[in-house]
Amino acid sequence: MSLSTQLPKLFVIRPIPPTVMARLRRRCQVTVHESDQAPTRQEYLDAVRGVDAFFILPFVKVDKELLDAAGPQLKVIGTFSVGVEHIDIDLCKERGVKVANTPGVVTTATAEHAMSLILAAACRLREGIQGVNDGLWGNKWESGLWLAGAEIAGSVIGMVGLGRIGLAIAKRLAAFEVSKILYTARNPRPESADPIGAEYVTFNDLLEQSDFVVIACSANDSNKGLFNAEAFKRMKKTSILVNIARGTIVDQDALYEALKTGEIGAAGLDVTTPEPLPPSDPLLGLPNCIVTPHIASCTVTTHTAMCDLVADNIFAALEGKPLKTPLY
Ligand SMILES: O=C(O)[C@H](O)CO
């Protein structure tokens, strides 16, 4: 038997940085979905048959069908994400399949991207660039308030979620001399909130008082559609909503109405439902809505660190050692 056939089998859902791939190949028989098109469900169900380890992205739903397709030898699933709403963790536990995500390493990049959405929405960057491209600059010169934006300094910030990423965003915003940081979460988090003077409030109080509302919580069944028509009605008409968490937390039809009718001022979204958001989606036609393609954690440094962390977890599980970032 050759050495390579004794190595554990690993399926990797998409090409990853060569340095990480080289590490994986030294310790596993690796199969990669090399195409620049995501595999279909059937393609990856076929590809996981008989593997010991599976390196996934959040579009891969880990459920009974997938675990059955893989087979009882499957030992570990490593997801290239902090979010784990796509994984049936109880079932993995029941089957003895270890699961790990990538917390911590995504915090800086995600917080920086959130800042770019907050600033872009506040400064009306999309409308400004479009105005210049459309030759409106000269025409509108007479109006001093053409494209007048909002300032972060002096504003009230409302953080929905004050975990690692929420806190990193709040700290960056604090440096902009905001007047107050409010937050809502399942429970008060004084250890994070107190050093930055953040105040724990109810969801409704946060909506009513904030100039910027930033969604940075994990998605679950209880916060599906949390930002609905009623929530938007409670917000200030000038309020800016930023979502770097998951699209499911926002009712997008209600958001469209709120942006269109001036119920709220603007939105910056890195996450939507569905993903990718089709170019025909009405949100994309609104000048006061900026959408980026779920790239908040996508810097070269963070991308590589996430892949390395998935690899570390896979190696640990295959060798029967404790995972670096286990989910259970
Ligand atoms: O969950 C995460 O880490 C990001 O949203 C990328 O999926």
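The values are calculated or read from the model by the stated rules, or taken from the named source; none is laboratory data. Bear in mind that the values here come from a model prediction, so they are computed numbers and not experimental data. A quick note on method: Cβ atoms are made from the backbone with ideal geometry, for glycine too, and the neighbour counts reach across all protein chains shown.
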Any hit, the stretch 175-189, residues being out of contact with any helix residue (DSSP H, G or I) (no Cβ under 6 Å at 6 or more places or on another chain), assigned to a helix (DSSP H, G or I) and among the charged types (D, E, K, R): no
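Looking at the stretch 296-305, which of the residues that are over 19 Å from GLN252 (Cβ atoms) and not hydroxyl-bearing (Ser, Thr, Tyr) is nearest to the ligand (Cβ to nearest atom)?
CYS298
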Residues that are within 22 Å of the chain's Cα centre (by Cα) and crowded, with 16+ Cβ neighbours inside 10 Å, drawn from the stretch 15-29: ILE16
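Matching residues to (1) of a type in the set (A, V, I, L, M, F, W, C); (2) assigned by TED's automatic domain parsing to the domain that holds GLY268; (3) out of contact with any Leu (no Cβ under 7 Å at 6 or more places or on another chain); (4) under 18 Å from GLY154 (Cβ atoms):
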site: ALA170; (1), (2), (3), (4): yes, yes, no, yes
site: ALA175; (1), (2), (3), (4): yes, yes, yes, yes
site: ALA198; (1), (2), (3), (4): yes, yes, no, yes
site: THR202; (1), (2), (3), (4): no, yes, yes, no
Qualifying residue in the stretch 310-321 (condition: within 12 Å of the ligand (Cβ to nearest atom) and surrounded by 15 or more Cβ atoms within 10 Å (Cβ to Cβ)): yes
Sole exception among (1) β-branched (Val, Ile, Thr); (2) in contact with a Phe, Trp or Tyr (Cβ under 6 Å, 6 or more places away or on another chain); (3) modelled with pLDDT under 95 for THR5, by number: (2)
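Scanning the stretch 60-84 for residues that are in a helix (DSSP H, G or I) and surrounded by 21 or more Cβ atoms within 10 Å (Cβ to Cβ), which turns out farthest from the ligand (Cβ to nearest atom)?
ALA70
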Failed item, numbered, when ARG164 is tested on (1) within 22 Å of the chain's Cα centre (by Cα); (2) away from the ligand (no atom under 16 Å from the Cβ); (3) charged (D, E, K, R): (2)
Qualifying position, being polar (S, T, N, Q), out of contact with any Ser or Thr (no Cβ under 8 Å at 6 or more places or on another chain) and either touching a residue at least 40 places away in the same chain (Cβ under 8 Å) or outside any loop (DSSP other than H, G, I, E, B) (or both), among THR238, THR304, THR272: THR238
Positions within the stretch 87-102 being within 16 Å of the ligand (Cβ to nearest atom) and within 17 Å of VAL12 (Cα to Cα), in sequence order: ILE87, VAL99, ALA100, ASN101, THR102
Residues of the stretch 194-216 that turn out to be under 22 Å from the mean Cα position of the chain (by Cα) and surrounded by fewer than 21 Cβ atoms within 10 Å (Cβ to Cβ), as a count: 1
Single condition GLY265 does not satisfy, out of (1) within 15 Å of the ligand (Cβ to nearest atom); (2) touching a Ser or Thr at 6+ places or on another chain (Cβ under 6 Å): (1)
